[in-house]
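The values are calculated or read from the model by the stated rules, or taken from the named source; none is laboratory data. In this text the structure is predicted, and so the values were computed from the model without any measurement. Cβ coordinates were reconstructed from backbone atoms using ideal geometry, including for glycine residues, and neighbour counts include every protein chain displayed. Ligands, DNA and RNA are excluded from the accessible area calculation, which covers all protein heavy atoms including side chains. Shrake-Rupley method; radii C 1.70, N 1.55, O 1.52, S 1.80 Å.
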Amino acid sequence: MFYFNLYGTLAFLFALFFSVGLVLIAVVIYYSVANYRKQTKEDGSPDEHAEPGVPLVLKGLYVGVALYILVVTLFFAITGIPI
């Protein structure tokens, strides 16, 4: 009736993926902040109204969410756990 081994495995995998995700998000945020350069005008001064596009942080978060959905889907498909 109780699947303690399954719960332990799920808890371990959740903690592992969550901690790896947090580390990756921290690395992406650090990298994007360290390498951010404002666009310049013709005279070389920073353009305060320039459109930055999609920042690297958001791209990283989108990739992270897509990977999370893929990993969870594959995990449930391989183990046969009913959702």
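What to note about this one:
- In the set (1) assigned to a helix (DSSP H, G or I); (2) open to solvent by 90 Å² or more (accessible area, probe 1.4 Å); (3) touching a helix residue (DSSP H, G or I) at 6+ places or on another chain (Cβ under 8 Å); (4) modelled with pLDDT under 75, the condition left unmet by residue 5 is number (3).
- Segment 12-33: number of residues that are open to solvent by less than 90 Å² (accessible area, probe 1.4 Å) and in contact (Cβ under 8 Å) with a residue 12 or more places away in the chain: 6
- The set of residues in segment 57-81 that are at positive phi and basic (Lys, Arg) is empty.
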